[in-house]
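The values are calculated or read from the model by the stated rules, or taken from the named source; none is laboratory data. Remember, predicted model here, so these are calculated numbers, not experimental data. Quick note on the areas: whole protein, heavy atoms, side chains included, nothing else; ligands and nucleic acids left out. Shrake-Rupley method; radii C 1.70, N 1.55, O 1.52, S 1.80 Å.
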Amino acid sequence: MITIVRAKFHGIRVTGADLNYHGSITLDPEQCALAGLYPLEFVEIWNKNSGARISTYVIYGEPGSKACVLNGAAARTCQKGDEVIIAASASITPDQLYAIKPKVLTFKPDNSVDRVLEYDVFKGPEREFDFRTLDITDGRDAAVELQVPIRT
């Protein structure tokens, strides 16, 4: 078994922190549904501003709120306005990689969804497991050109 990313929010901004709430991260259920994040699911949170990395579980807030509120002890790791990455994982066998299509949402500064991406693992001509990112924002299935540095 390997652990893979199953769903991801990339660059959503923290809208609040509630130290006295009993724990978790509050997210907009409409955005969660688009990426495939479930209530009570454990997620990893990586703060792009501070580098803090934590694990907590998802609770749904108000639909349409664009909320990203850190609760309980997690409230100490982020400040309002910080950009975070939220990732859910799954344990699978490598042969299941071809069937898994993780959704990645990227966000505008107001926490509205900017892009909907999909990770795609496929059997390529040079290797058994190849990778690409597809932009499916408008229902299209176009490969996104990845910026990969050339090694010298």
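The 3J(HN,Hα) values that the Karplus relation (6.51, -1.76, 1.60; θ = phi - 60°) gives for region 26-32 are, in residue order, 8, 10, 5, x, 5, 5, 4 Hz. Gly and Pro appear as x. The figure for Tyr60 is an accessible area of roughly 90 square angstrom, using a 1.4 Å probe on the protein chains alone. Surface composition of the chain: carbon plus sulfur atoms hold 53% of the accessible area, using a 1.4 angstrom probe and ignoring ligands, DNA and RNA. Average accessible surface for the chain: 58 Å² per residue, computed with a 1.4 Å probe over protein heavy atoms with every protein chain in place. Amide hydrogen proximity for Asp82: with H placed 1.01 Å from N in the peptide plane, the residues at 5 or more positions away or on another chain lying under 5 Å are Val14. The H on the amide N of Asn111, modeled in the peptide plane, is under 5 Å from the matching H of Arg13, each at least 5 residues off or on a different chain.
With q set to 0.12, 0.19 Å⁻¹, the log10 of I(q)/I(0) for the chain, from the Debye formula over equal scatterers at the Cα positions, is -0.54, -1.17. Pairs of lysines in the chain whose Cα atoms sit within less than 19 Å of one another amount to 13, provided the residues are eight or more positions apart or on different chains. Seen from every direction in turn and averaged, the convex hull around the alpha carbons of region 1-87 projects onto 5.4 nm².
Here the 3J(HN,Hα) profile of region 120-126, calculated from phi with Karplus coefficients 6.51, -1.76 and 1.60 at θ = phi - 60°, is 9, 9, 9, 7, x, x, 10 Hz, Gly and Pro shown as x.
Here the 3J(HN,Hα) profile of region 87-104, calculated from phi with Karplus coefficients 6.51, -1.76 and 1.60 at θ = phi - 60°, is 10, 9, 10, 8, 9, 9, 8, x, 5, 7, 4, 5, 8, 7, 10, x, 8, 10 Hz, Gly and Pro shown as x.
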